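The structure under discussion appears below in the form of structure tokens.
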Amino acid sequence: MRKKISAAVIGFGVVGASVLATGGASSHGYTDSPVSRQVLCAKGTVKNCGEIQWEPQSVEGPKGFPARGPADGKICAGGNSRFAQLDDPRGGNWPATKVSAGSSYTFTWRFTASHATTDFRYYITKDGWNPSKPLTRADLNLTPFLTVPYNGQRPPYTLSHPGTLPSGKTGKHLIVAVWTVADTANAFYACSDVEF
């Protein structure tokens, strides 16, 4: 009986290690402040989100945004078709974080796996963009309003950095946060709806 129990424990250990190893390879990070669409789905605030509700940290796509990276209309999902619900504008009705134009703001990321990091960049929609259509580069100011260099370091599991929100903004906008990984060909994308 002890041999069977020991074998079962070892078997579960191997399976558990395999799951953790594969999960670690596909698990990474997301923005928590301002709250991202993937967090709204993971917390159940927004329903009918598909697989992203279980994997808010996995919105990974090609780096090099905006010159390269996910195609227009697929930016919020990082070009990953498994998470296409993040690109659905839902009639412009995603819940939005209340913010003030020109004010200081603390941006926060949560990580489930740490990577050597090039930088974090934040882009915002232009005035007059249409929140009821999928996001394209033409909707964004393609110069980031905040860039945080990270010089190849690995971030801790929670990272906050201060910044200043663009001035002169009113109404609803979308912030696209991009975490550029230094030692892979990918970056992580997070879209946060905000209301000025």
Looking only at the range 36-81, which residues are among the β-branched types (V, I, T), within 10 Å of the chain's Cα centre (by Cα) and part of a loop (DSSP other than H, G, I, E, B)? V59
Yes/no for A84 being under 15 Å from S36 (Cα atoms), modelled with pLDDT of 95 or more and not in a strand (DSSP E or B): yes
Quick one: which of G79, G61 is surrounded by fewer than 22 Cβ atoms within 10 Å (Cβ to Cβ) and of a type in the set (G, A, S)? G79
Take the residues of the range 106-118 that are buried (at least 16 other Cβ atoms within 10 Å of the Cβ) and of a type outside the set (S, T, N, Q): which is farthest from the chain's Cα centre (by Cα)? H115
Looking at (1) on the phi > 0 side of the Ramachandran plot; (2) free of Cβ contacts under 8 Å to residues at least 24 places away in the same chain, can you tell me which one T143 breaks? (1)
Quick check: is even one residue across the range 111-123 under 22 Å from S58 (Cβ atoms), aromatic (F, W, Y) and in contact with a Gly (Cβ under 6 Å, 6 or more places away or on another chain)? yes
Counting only residues in the range 127-178 that are surrounded by 12 or more Cβ atoms within 10 Å (Cβ to Cβ) and touching a helix residue (DSSP H, G or I) at 6+ places or on another chain (Cβ under 6 Å), the one farthest from C76 (Cα to Cα) is identified as W129
In the range 160-196, which residues are among the charged types (D, E, K, R), at pLDDT 95 or above and more than 18 Å from P56 (Cα to Cα)? K169, K172, E195
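The values are calculated or read from the model by the stated rules, or taken from the named source; none is laboratory data. Note that the structure is a prediction, hence the values are computed from the model and not measured. As a convention, Cβ positions derive from the backbone with ideal geometry for all residues, glycine included, and neighbour counts pool all protein chains shown.
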